[in-house]
Amino acid sequence: MDAPERHLRLLTETIAAVNSTLDLEEVLHLVATKVADALGADACFVYLYDERGDELILRATHGTRAEDLTRRPRMRPGEGITGTAAAERAPIMIAQGADLDPRFKSFANLPEDEYESILAVPILAREKLAGALNVRTKNPREFTSDEVELLLAIADQVAQSIEHAKLYDQAQRRVDELEALARISEAVSESLYLEESLEAIVKTTMGAVGATGAALVLEDGNIAWPEGRPGKHAVRLPLRWKRRQIGELVCDRDTPFTDEDRALLASIAHHAAVALEHGRAVMRGVLAQEIHHRVKNNLQTVASLLRLQAHAPDVDARKALEDSVNRILAIAAVHEVLTEQREEEVELRDLVDRLRAMLVQGLAAGKSVEASLEPVSLGGNRATALALVFSELLQNALEHGGDRVRIELTRRDGDVVLTIADDGAGPDGSGAGTGLSIVRALVRDELRGSFDLLDDGGTRAEVVFPA
């Protein structure tokens, strides 16, 4: 087989190989391997041109593993022998002592000085610089004009393959970005819970840009859903809503972020801002409805208590008013605990302790009041009923009982037990009195429990209801 025929076959095989895939990294690896094989060279180095940085970056090698390089060699067009070929848009061939040429550029982690000869050519796509490649031999070698033409022809065809692979890579990246944004939009629109939306945003962000860590930092400084770990590089993007910054999206990874990465993160940050405001608006609506509902119910309770007090026989007006004030304050204490804890349930230990302090301050002059309170949680409506029951019973003990009062809140066999005991005679327990009527009605109807008033060397009021 003569040289032209062999060169044509090598050209055909090389182009067929590099056109067999649209994956850019695979294309570049095949270029380096096939070009070295086609020209019988010991090494081949393929550089791609980064227009934004105006530099040639080594992307694939044959004879030296690019993956083993701690930092990819870079040069500007006009630097080094290969850079000069790229800048002049013309091949450069040196048969011997290439490392002695004044244009030679050495890299600490690239052993190019062990090669004697070099043939470098530009890679041009429609006369636009796309990269450069060179072949090297360890022994001196004069490349023939036919071999130079063969490498130029391969470079021309490789340029088209590289452009196609870049377009495919960009399209695939865009698909991935759109899928990531679609997942975030879906999470934001479907979830009524802010925490779920924020979790989905952070996790999708990490997957979309290959981050080592990500988090949303809210305007109050709280960090929502931190995931992963810090990286060598970090980017912070503001979350803006109606020209106001309401937080930041923070993302980390070990490699620098590209402009495409930042553009995607900016879109994610916009979605995160929408999710925050959407979630807050939902929560404000739910909270407003809940507050209206509770206020309505509690006002009805207050009205019922006042009516009951008004119909009681032999009422002391001043005493009735004081009792009503304490009942309203008991209801207010439940509201206060609910607001502070921001939960649907009330911690009874806190509630009982507040009510105890309030009543003792006005009624317990010279009396000893002890409390043993276990942690017990109860829903808001039932907590209101318990607050009224406790206030009535403790007020009775302080007004009519002895000098020592003991309060206990415990769990027993799945029930909650509230006990208020004193060392005095207390009320007679016959059922008379507005306060005890309120207690019995609330325990029976709201708490679904039982109430007993016992003579136990004093007076012992015990309320038992299911937890």
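Worth pointing out:
- Backbone N under 15 Å from the Arg411 label point (7 Å along Cα→Cβ), restricted to segment 377-401: 377-379
- Contour excess over end-to-end distance, with Cα ends at Asp54 and Glu25 and 0.36 nm allotted per residue: 8.4 nm
- Multiplying the residue separation of His400 and Ile223 by 0.36 nm and removing their Cα-Cα distance gives an extension gain of 58.4 nm.
- Extension gain for Glu114 to Leu8 (0.36 nm times residue separation, less C-alpha to C-alpha distance): 35.1 nm.
- Cut-off 13 Å, label 7 Å out along Cα→Cβ of Glu142, residues of segment 93-127 by amide N: 94-96
- Pairs with C-alpha atoms separated by more than 32 Å, drawn from the list Lys105/Lys166; Lys105/Lys203; Lys166/Lys242; Lys138/Lys232, are Lys105/Lys203; Lys166/Lys242; Lys138/Lys232.
- Between amide H atoms placed 1.01 Å from N, distances below 5 Å from Asp42 occur with Arg136, Thr137, Lys138, all of them 5 or more places distant or on a separate chain.
- Sorted peptide list for 383-389, 46-52, criterion being average Cβ within 10 angstrom, highest first: 383-389, 46-52
- From phi via Karplus (6.51, -1.76, 1.60), per-residue ³J(HN,Hα) for segment 48-57 in Hz, x at Gly/Pro: 10, 8, 9, 5, 5, x, 6, 8, 9, 10
- Between Arg440 and Ala87, the simple spin-label model (points 7 angstrom out along Cα→Cβ) gives 10.4 nm.
Computed from the coordinates by the stated procedures, all read-outs in this text should not be read as laboratory data. Computed from a predicted structure; not experimentally measured. Reconstructed Cβ throughout: ideal geometry from the backbone, glycine too, with neighbour counts over all protein chains shown.
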